[in-house]
Amino acid sequence: MNIDSIKRGIVLDHIRAGRSMDLYRYLHLDELECSVAIIKNVKSNAMGRKDIIKVDEDISIDLDVLGYIDPGITVNIIENGTVREKKHLSLPERLTNIIHCKNPRCITSVEPALDHVFVLADREKGVYRCIYCDSKH
Amino acid sequence: MRHLINITDFSTGEIESILDLADQMLSHPEKYRESQRGRILATLFFEPSTRTRLSFESAMLSMGGSVLGFATADSSSTSKGESLTDTIHTVSCYCDIIAMRHPKEGAPLAGSLISEVPVINAGDGGHNHPTQTLTDLMTIRREKGRLDRLTVGMCGDLKFGRTVHSLIGAMSRYEGVDFVLISPPELRVPDYVTSRLRAEGIPYTEAESMESVMDRLDVLYMTRVQRERFFNEADYIRLKDTYILDTDKLRFARDDLSILHPLPRVNEISVKVDADPRAAYFKQVKNGRYVRMALITKLLEQA
C-alpha cells in the first residue's frame, strides 16, 4: 500500500496482525461517512505481518484508547499527500471510562455516575489498577 | 485541602509530625480542650462500627468541637436511594470535616473528589483503614521506640484485613522493615500488596504456622477473620479459628515482642494474654483517640 495515495487523513500503521477489526470497533470508525480501508496481513520487516487502517479524512482519534489497545501502533497524519506528523504511542498513564472495574466490592459497582478510572501500575507488564479499589486489569 | 484516603497520601515526615502531636496531646490533653471549638465533624458510617466511630467522636469532643452524623446506612438517605456523591455534597455544607466508613472499596476516595471539606477514610470495605494505621504506628513507635529496623508479623485474615493492607503500605516506607505474613492460603495478602513489596525490594515471607516464625518477630499484629467479608458462610466457619494466640504459643516469642490487634477480637487472642506485658492492644485503643485528634487538627489547619 502507498500511504501517499491519501491526500488528507490518517494512517494507523504497525497494528498487530489480526487486531485491525478490534480497533475499527473501539474507534467507532463504522460511524464515519468517509472511506476507511482495512488492510490485513501486510508483510513487515519488523513485525512479520501487520495490519494497516487508512482513514480518508483528518478525524480526531483518542490516542489514549489507541495506546491502551496497542502501544506499538504508529499514527501518521497525512496532509497534501505527505506525512505531516508521525505519532508513536505508549501506554497512557491514566484511562478514564475506557475499561471498567469488574470488582463487585468496588464503589463503581453501585455508583453509576462515577467515572471508571485506571492508572498504569506496571508499564512493563501493561498492568492497570482501579483508582478506587486497586483491582488489576 | 488535604484528605486522608490511603496512608501513603501522607509522607513519612507528615506522619511523624501527626504522631508527635498525638504524643503531646496524650501527655497534656488539657492544652487542647478548646482547640476545635466551633468546628463540626460529620461521622458518616454507612457500615456499622463501634470503636472507630466513637474514637472519632471522642477525639472531636475532647477538643471542644461538635459532632453530627449517622451510624448505619439505614439511618441515612442512602436507604431512600440517594447516591454517595449527593450525600457528600449535602453533608459537606453542614460540617468542617468528614470521617466516612463505607462497605464499598474506594467510596471515601469517590467522596473526596467532590467534597468541599477534608474527608478521612474511616474504613472502606476490605481495602484500607488509614486511621487505624496511624493508631498502629503510634503504638509501635511508643512500644518499640522506632518505626524502622523491625520484623513485623501479620497473622489471620490478611486478604480482607484492611488494617493489614494499610499497615504494610505504611511500614514498608521505613528502612530495614521485614514482613512475616501468616495466614491460611485462602486468606493471603492480595496480589496488589505483595506485588508492590516485590517491586520495591522489601523483604517478606509467607507462612502458615505461627509457631514456626514467632521467635523472629518484634511486632505481632493479630487480626480477626471477618464474617462480614465472606460471601459464603461455610468458608467463614472453616477458617475462623485457624489462629489463636495463647500463652503456650507466646513461649516461643521474644521478651520484647509487642502484640497488637485492631480489635474487636473474637477468639483469636486468648483473654489470658491480656495480662502479658507484651499485650499492647488496649493501649492501641487509647492511642487511637489521640492520633485522631492530631489528624483532625492537622487536616483542619490545611483546609
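Some notes on this structure:
- Number of residues in region A:108-123 that are out of contact with any helix residue (DSSP H, G or I) (no Cβ under 9 Å at 6 or more places or on another chain), part of a loop (DSSP other than H, G, I, E, B), more than 10 Å from chain B (Cβ to nearest Cβ) and not basic (Lys, Arg) equals 0.
- Restricting region B:186-243 to residues that are basic (Lys, Arg) and either within 14 Å of another protein chain (Cβ to nearest Cβ) or out of contact with any strand residue (DSSP E or B) (no Cβ under 7 Å at 6 or more places or on another chain) (or both), the residue that is least open to solvent (accessible area, probe 1.4 Å): B:229
- Region A:22-52, residues that are in contact with a Phe, Trp or Tyr (Cβ under 7 Å, 6 or more places away or on another chain) and either surrounded by 13 or more Cβ atoms within 10 Å (Cβ to Cβ) or within 13 Å of residue A:12 (Cα to Cα) (or both): A:38
- Qualifying strands (runs of 3 or more DSSP E) (wholly inside region B:190-266; at least 1 residues being farther than 18 Å from residue B:162 by Cβ, hydroxyl-bearing (Ser, Thr, Tyr) and in contact (Cβ under 8 Å) with a residue 40 or more places away in the chain): B:258-260
- Positions within region A:98-111 being closer than 23 Å to residue A:20 by Cβ and surrounded by fewer than 17 Cβ atoms within 10 Å (Cβ to Cβ), in sequence order: A:99
- Residue B:293 of a type outside the set (Lys, Arg) and closer than 30 Å to residue B:66 by Cβ: yes
- Residue A:79 being touching a residue at least 60 places away in the same chain (Cβ under 8 Å) and open to solvent by 30 Å² or more (accessible area, probe 1.4 Å): yes
- Counting only helices (runs of 4 or more DSSP H) wholly contained in region B:23-116, the ones carrying 3 or more residues that are away from chain A (no Cβ under 14 Å) and without any contact (Cβ under 8 Å) to a residue 60 or more places away in the chain occupy B:51-62.
- Taking the listed residues B:303, B:279, the one that is among the small types (Gly, Ala, Ser) and surrounded by 15 or more Cβ atoms within 10 Å (Cβ to Cβ) is B:279, with no other qualifying.
- Single match in B:110, B:122, B:99 (criterion: over 25 Å from residue B:293 (Cβ atoms) and buried (at least 24 other Cβ atoms within 10 Å of the Cβ)): B:110
The values are calculated or read from the model by the stated rules, or taken from the named source; none is laboratory data. Just so it is clear, the model here is predicted, and its values are computed rather than measured. Heads up, the Cβs are rebuilt from the backbone with ideal geometry, glycines too, and the neighbour counts pull from every protein chain shown. The accessibility values were calculated without ligands, DNA or RNA, using every heavy atom of the protein model including side chains. Shrake-Rupley method; radii C 1.70, N 1.55, O 1.52, S 1.80 Å.
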